[in-house]
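I have placed the structure first, in the form of structure tokens, so that the comments after it can refer back to it.
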């Protein structure tokens, strides 16, 4: 099965992120082993993109929140979180 978003084929999680954001995730996350000059250039590019499209921050925050929620649900399903919270309140 192939996944397409508009005319673009998305094969990996990175592809989906790039299509959702309109930029490559590495622009925001950095690259392992990048030097100070590369980091400064990356941050300058990110600032330019934010200046041109301030709403991108909302999209970035929404993606980060969804990712964190999915990770939390994978590690501790909602039912077990509710029981443990109820136990803490009773103690």
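The values are calculated or read from the model by the stated rules, or taken from the named source; none is laboratory data. Here the structure is a predicted model, which means the values were calculated and not measured. Cβ atoms come from the backbone with ideal geometry, glycine included; neighbour counts cover every protein chain shown.
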Are there any pairs with C-beta distances below 8 angstrom linking a residue in the stretch 53-72 that is outside any helix (DSSP H, G or I) to a residue that is surrounded by 10 or more Cβ atoms within 10 Å (Cβ to Cβ), with the two at least 6 apart or on different chains, and if so which? 53/22
Can we say residue 81 is in a helix (DSSP H, G or I), modelled with pLDDT under 75 and surrounded by 10 or more Cβ atoms within 10 Å (Cβ to Cβ)? yes
Of all residues in the stretch 66-77 being more than 24 Å from residue 8 (Cβ to Cβ) and surrounded by 10 or more Cβ atoms within 10 Å (Cβ to Cβ), the one that is modelled with the lowest pLDDT: 77
Only one of (1) assigned to a helix (DSSP H, G or I); (2) surrounded by 10 or more Cβ atoms within 10 Å (Cβ to Cβ); (3) at pLDDT 80 or above is not met by residue 16, so which one is it? (3)
Would it be correct to say that residue 62 is within 25 Å of residue 4 (Cα to Cα) and loosely packed, with under 13 Cβ neighbours inside 10 Å? yes
Selection from the stretch 20-33 of residues farther than 16 Å from residue 66 by Cα and surrounded by 10 or more Cβ atoms within 10 Å (Cβ to Cβ) yields 22, 23, 24, 26, 27, 28, 29, 30, 31
Just give me the residues in the stretch 34-52 being assigned to a loop (DSSP other than H, G, I, E, B) and either loosely packed, with under 10 Cβ neighbours inside 10 Å or modelled with pLDDT under 80 (or both), in sequence order. 35
